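All remarks here apply to the structure that follows.
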Amino acid sequence: MTPELRDEIKAIVDSRATGIWKVRWTVVAYGHVLKHFKSDSNMERLFTRHLIDHYEGVVHEGAIIKSDTPVDRKVLRHRLLHHSRQSIRSSLEKLTQYAMLGAAKRHSAGQRGGIFRGFLSATGSFLKTYFLRGAIFDGGPGFLYCLFVALESFFRYVALEYDRDKLNTFVGR
């Protein structure tokens, strides 16, 4: 967390403001800030506690807001440095965890997987993150970041096909 973001959050807490704030982040991968990569990280992550009914999801859990409460939504000005990928080893571990959790989620929704489906998903994911979101301009760290995200997508659908009977939402770290 940058000092600017810390001060911004502290000012919100000190003011006792009520609402929901989106937190934008900048990806840090393999010790490098991905300066050109435009992440889709504009997620609501700062909440006034009484507004939350419960949380849903197994990866990137989301708060479900009480439906009877009007909510003021805002965006934090300063960005969070999201250290998403610190090493190849941790990326491989994360790949396994996210692929299996994603497969379990899709299994419970009745979706089908397979190698071809995984290949299409991975290809689309890589093209979108590497080229359309600008990671191509972030050198090796940008390439590796996008490759691991694409591999997670590939193995999610492969596991959905080949590990269908063994899928659950408990995946150790």
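Laboratory data are not the source of any read-out in this text; all were calculated from the coordinates shown. Computed from a prediction, not measured in an experiment: that's the story for all the values here. Ideal geometry is used to build each Cβ from the backbone, glycine not excepted, and the neighbour counts take in all protein chains shown.
Taking the Cβ of Glu4 as the center, what net charge do the other residues with Cβ under 12 Å away carry, scoring Lys and Arg +1 and Asp and Glu -1?
Once all neighbours under 12 Å are counted, the net charge is +2.
If you take the charge dipole of the chain about its Cα centre, with +1 on Lys and Arg Cβ and -1 on Asp and Glu Cβ, which of Gln97, Tyr130, Val149 is farthest toward its positive end?
Checking the options against the dipole of the chain, the answer is Tyr130.
Quick check: convex hull over the Cα atoms of the stretch 88-166, volume per residue in Å³, rounded to an integer? Let's see the in-between values first.
Numbers: hull volume 6.2 nm³, N = 79.
With only Cα atoms used, the stretch 88-166 gives 78 Å³ per residue.
How big is the dipole moment of the stretch 88-166 about its Cα centre under a simple scheme where the beta carbon of each Lys and Arg is +1, that of each Asp and Glu is -1, and everything else is neutral? Debye, nearest 20, please. Write down the numbers at each step before the final one.
On the way: 11 positive and 6 negative charges, 42 e Å.
It comes to approximately 200 debye.
Could you compute how fast the chain diffuses translationally, taking Rh as the Kirkwood radius over C-alpha pairs and applying Stokes-Einstein at 4 °C with viscosity 1.567 mPa s? Give it in µm² per second. Intermediate results must be reported in sequence, preceding the final value.
On the way: Rh = 17.9 Å.
Approximately 72 µm²/s, per Stokes-Einstein.
How long are the semi-axes of the equivalent ellipsoid of the stretch 3-80, defined as square roots of 5 times the Cα gyration tensor eigenvalues? Whole Å, largest first. Please list the in-between numbers first.
On the way: eigenvalues 124, 59, 19 Å².
For the stretch 3-80, the ellipsoid semi-axes come out as 25, 17, 10 Å.
Only bridges whose two residues both fall in the chain count here: according to DSSP, what percent of them are antiparallel, nearest 5?
On the way: 11 of 19 bridges.
Roughly 60 percent of the beta bridges in the chain run antiparallel, per DSSP.
Where the only charges are on Cβ atoms (+1 Lys, Arg; -1 Asp, Glu), what is the dipole of the chain about its Cα centre, to the nearest 20 debye?
Numbers: 27 positive and 17 negative charges, 45 e Å.
That gives the chain a dipole magnitude of about 220 debye.
State to the nearest 20 debye the size of the charge dipole of the stretch 3-80 about its Cα centre, where the only charges are +1 on K and R beta carbons and -1 on D and E beta carbons.
Details: 14 positive and 11 negative charges, 69 e Å.
Taking the Cα centre of the stretch 3-80 as origin, the dipole is about 320 debye.
Want the number for Leu127 to Ser87: 0.36 nm per residue separation, take away the alpha-carbon distance, what's left? Write out the running numbers ahead of the final one.
On the way: separation 40, 0.36 × 40 = 14.40 nm, distance 2.24 nm.
Taking Leu127 through Ser87 to full extension adds about 12.2 nm, to one decimal.
Under the Karplus relation 6.51 cos²θ - 1.76 cosθ + 1.60, θ = phi - 60°, what is the ordered set of whole-Hz ³J(HN,Hα) values for the stretch 127-138, x standing for Gly and Pro?
Per residue, the Karplus-derived 3J(HN,Hα) values read 4, 5, 6, 6, 8, 6, 9, x, 5, 4, 8, 9 Hz.
Among 46-58, 85-97, 102-114, what's the highest-first ranking by average C-beta atoms within 10 angstrom per residue?
Working: 46-58: 12.6, 85-97: 14.7, 102-114: 16.4.
Descending packing order for the listed peptides: 102-114, 85-97, 46-58.
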